[in-house]
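To keep things clear, I will list the structure first and then write my remarks on it.
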Amino acid sequence: QKEVEQNSGPLSVPEGAIASLNCTYSDRGSQSFFWYRQYSGKSPELIMFIYSNGDKEDGRFTAQLNKASQYVSLLIRDSQPSDSATYLCAVLHTDKLIFGTGTRLQVFP
Amino acid sequence: DVKVTQSSRYLVKRTGEKVFLECVQDMDHENMFWYRQDPGLGLRLIYFSYDVKMKEKGDIPEGYSVSREKKERFSLILESASTNQTSMYLCASIRAGTGELFFGEGSRLTVL
């Protein structure tokens, strides 16, 4: 079993819709969770991190964490074509980040 | 702003050549990392370092070595490049206490 799992997609949503990206992790002791966005040909950049159960909102982005289910998600409201990218979920494990393989999001006009 | 700089964006090498990938960060971060990224496999950790002259193997260290002689500089070395090392290589440093990784722009290596 992979430590961090994501559906590879592509996830296609129309402009203005909510995009929901999901991630599960295997280490129940994990404490910190991150979402990175990676445009084609570019390096990943941090969107959000979350440490506590529940929701954390930042502009159009909401991260949701459920430690009991070992599940973390990212919601993007009012999706824009510029949100089209690969979204990487990452879990902090003893001072290093373990990444999922990423979900490709396509937002069409 | 934190800056992580990788010396080469694109390299083409021949099988058997020795390859050096250099990475420098300017925020005095303790921990630095080398990842490779391949389609369908995501980001995989090759080596990391949490202090000068200290190094730890990641998930795929075979065929690689690293050097950290100064805090700001972390080098990845391919002693004898092979075609299966054709990949995008990403260096990163981490902000202590937050887990936030800062990536360089990446080095795309092609081994012929």
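The values are calculated or read from the model by the stated rules, or taken from the named source; none is laboratory data. Not measured: the values here are computed from a predicted model. Note: ideal-geometry Cβ built from the backbone for every residue, glycine included; neighbour counts use all protein chains shown. Remember, those area values only see protein heavy atoms, side chains included, never the ligands or the DNA or RNA. Shrake-Rupley method; radii C 1.70, N 1.55, O 1.52, S 1.80 Å.
For the range B:6-59, take the alpha-carbon Rg, divide it by the Kirkwood Rh, and send me Rg/Rh.
Details: Rg = 13.1 Å, Rh = 13.2 Å.
That ratio equals 0.99.
Kindly identify residues of the range B:27-74 having a loss of at least 50 Å² in accessible area between the isolated chain and the assembly of all protein chains, probe radius 1.4 Å.
Listed in order, they are B:LEU43.
Using the charge dipole of the range A:45-109 (Lys, Arg: +1 at Cβ; Asp, Glu: -1 at Cβ; taken about the Cα centre), state which of A:ILE98, A:LEU46, A:PRO81 has its Cα farthest towards the positive end.
The one lying farthest along the dipole's positive direction is A:ILE98.
Measure of size requested: the Rg and Dmax of the range B:57-100, with Cα atoms as the atom set and Å as the unit; please supply both.
Gyration radius and largest Cα-Cα distance of the range B:57-100: 12.7, 38 Å.
For the protein assembly as shown, what is the charge dipole size about the Cα centre, in debye to the nearest 20, if Lys and Arg each add +1 at the Cβ and Asp and Glu each add -1 at the Cβ?
On the way: 26 positive and 27 negative charges, 95 e Å.
For this selection, approximately 460 debye.
With a cap of 10 neighbouring Cβ atoms within 10 Å, and only residues DSSP puts in a loop, list the GluC sites (Glu not before Pro) found in the range B:45-112. Could the numbers behind the result be given before it?
Working: sites: B:GLU56, B:GLU62, B:GLU69, B:GLU72, B:GLU79, B:GLU100, B:GLU105; in loops: B:GLU62, B:GLU72, B:GLU79, B:GLU100, B:GLU105.
When the GluC sites (Glu not before Pro) of the range B:45-112 are filtered for loop state and at most 10 Cβ neighbours within 10 Å, B:GLU62 remain.
Which whole-percent values make up P(r) of chain A when all C-alpha to C-alpha distances are grouped in 10 Å steps starting at zero?
Reading upward from the zero bin: 16, 50, 29, 5, 0.
Where in chain B is the longest stretch that carries no trypsin sites (Lys or Arg not before Pro) classed as loop by DSSP and with at most 16 other Cβ atoms within 10 Å? Could the numbers behind the result be given before it?
Details: sites that count: B:LYS3, B:ARG9, B:ARG14, B:LYS18, B:LYS53, B:LYS71, B:ARG95.
So the longest stretch without any such site is B:19-52.
What distance in nm lies between label points placed 7 Å from Cα along the C-beta direction at B:MET88 and B:ARG73?
Spacing of the two 7 Å Cα→Cβ label points: 2.7 nm.
Report the FRET efficiency, 1/(1 + (r/R0)^6), for A:GLN106 and A:LYS56, where r is their Cβ-Cβ distance and R0 is 22 Å, rounded to 0.05.
The calculated FRET efficiency here is 0.30.
Along its principal axes, what span do the Cα atoms of the protein assembly as shown show, with the longest given first and each in whole Å?
The principal-axis extents, from largest down, are 49, 37, 35 Å.
Only Cα pairs within less than 10 Å get springs; with that Gaussian network setup on chain A, which residue of A:VAL72, A:VAL13, A:VAL91 has the largest fluctuation?
Fluctuation is largest for A:VAL13.
What list of whole percents do you get for P(r) of chain B, with Cα-Cα distances grouped in 5 Å bins up to the one holding the largest distance?
2, 13, 24, 27, 19, 10, 4, 1, 0
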